[in-house]
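A.B. asks: For reference, the structure I am asking about is given below.
The values are calculated or read from the model by the stated rules, or taken from the named source; none is laboratory data. Keep in mind it's a predicted model, so treat the numbers as computed, not measured. Cβ atoms come from the backbone with ideal geometry, glycine included; neighbour counts cover every protein chain shown.
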Amino acid sequence: MTHSALYLNPSEAARRLGVSAKTLRLYEQRGLLMPLRTSAGWRTYGPTEISRAKEILALRGLGLSLMAVERVLHGDVKCLEQVLAQQQAALEQGIGDTVAAVERIRLLRQSIAAGHIPSLCELAGLSKPVRDACLSLELPWPWDGERFELLDIRPITYIVGPLGSGKTRLAREIAAALPNAVFLGLDRLAEDGSPAHTRLDGDPGLKANVESALTWLVEEGGSPSEALTALLAWTEANEPACLVVDMVEQELDRATQEALISYLRLRCSPHRPLFLMTRSSSILDLEAVGSNEAILFCPANHGVPTVVQPYPGAPGYESLSTCLATPEVRARSHGVIAFRPTA
């Protein structure tokens, strides 16, 4: 291997690490990763920089904020206790799920030995992973009863579309169709978020979870606000089993939006999927969409919503990308809603 092959430009380094070049730039801005410079001034990443980037990504994978990552890289490991406890709890939950599945199989085998023929539902329930949960429903106006199916519910699903495309109605239908799901509308912001404070005051455990999440988000560069607390009062709760959020970015600035989606990506679980309505490119960065995420696009012509892949050239990608804008641009249309005639 030549000497030059050991040094990668930002795009090559990002591809090697499985992240976006934007992520590497963020790490640089926070002082966590300092690329070398060529004689022409271009950024380049050698073996040492790639190794440091892998360390950062490993710590991020544990759920550490960027500020906490910085502390660990400087030798302060006290902040690892909480995230390791969370990892342990998640693994123990997984063990519990596996033990329960083994017990169901054992009981089915006993039942078969006794002459009972199991139903197809019983058998399908053994082999079908949670992630493969599916959704099938008839869409109301403006789709007039067309069938909508989502065969693979990811931990995070974005719902995107232009004004008047029916995305809010779709979100409500999804929440109504999925078991133990809740639609979290913009009324969460009513009365300066007082419903959220009432919810937190009645649940000390949830309040502690929200305070911990706020600390993480502030360390990540976000700003505390009533709008953010109103969101966390639901995302940090043990229930519901599925949360569908109307305009997740509402009243959050750019830095907070970016911190929030980083947090949700780290915390997302197939056991508690999130559906996030958005038109913000800070929430839905098409370059950063991972394998645990999906995008539902509602076309302007009221065609059936479709899953769009997050890369140029994919069917629907161009229409999808035109629906997304920066928080600054989105703020100009704050409060604008589409006219909805009576069905």
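A.B. asks: Could you tell me which residue of the range 197-218 is nearest to Thr256 (Cα to Cα), considering only residues that are in a helix (DSSP H, G or I) and charged (D, E, K, R)?
C.D. replies: Glu211
A.B. asks: Turning to a different aspect of this structure: Specify which of the listed residues (Leu24, Leu32) is part of a loop (DSSP other than H, G, I, E, B) and surrounded by 15 or more Cβ atoms within 10 Å (Cβ to Cβ). Let's see the steps before the verdict.
C.D. replies: Numbers: Leu24 fails: part of a loop (DSSP other than H, G, I, E, B).
After applying the criteria, what remains is Leu32.
A.B. asks: Output the residues belonging to the range 308-328 that are part of a loop (DSSP other than H, G, I, E, B) and under 15 Å from Ser282 (Cα atoms).
C.D. replies: Step one: filter the range 308-328 for residues part of a loop (DSSP other than H, G, I, E, B), giving 308-316, 323-324, 326.
Hits for the range 308-328 are Pro310, Cys323, Leu324, Thr326.
A.B. asks: Residues in the range 173-196 that are in a helix (DSSP H, G or I), at pLDDT below 90 and surrounded by fewer than 17 Cβ atoms within 10 Å (Cβ to Cβ): how many?
C.D. replies: Residues that pass the stated criteria total 5.
A.B. asks: Which condition number does Gly115 fail, the rest of (1) under 30 Å from Leu32 (Cβ atoms); (2) outside any helix (DSSP H, G or I); (3) of a type outside the set (D, E, K, R) being met?
C.D. replies: With respect to (1) under 30 Å from Leu32 (Cβ atoms); (2) outside any helix (DSSP H, G or I); (3) of a type outside the set (D, E, K, R), Gly115 is out only on (1).
A.B. asks: Among (1) over 23 Å from Pro179 (Cα atoms); (2) buried (at least 18 other Cβ atoms within 10 Å of the Cβ), which single condition is Glu226 missing?
C.D. replies: (2)
A.B. asks: Also: What do you reckon, is Leu64 surrounded by 14 or more Cβ atoms within 10 Å (Cβ to Cβ), out of contact with any Ser or Thr (no Cβ under 9 Å at 6 or more places or on another chain), over 30 Å from Ala259 (Cα atoms) and of a type outside the set (Asp, Glu)? Walk me through how you get there before you give the answer.
C.D. replies: Numbers: surrounded by 14 or more Cβ atoms within 10 Å (Cβ to Cβ): yes; out of contact with any Ser or Thr (no Cβ under 9 Å at 6 or more places or on another chain): yes; over 30 Å from Ala259 (Cα atoms): no; of a type outside the set (Asp, Glu): yes.
No, not satisfied.
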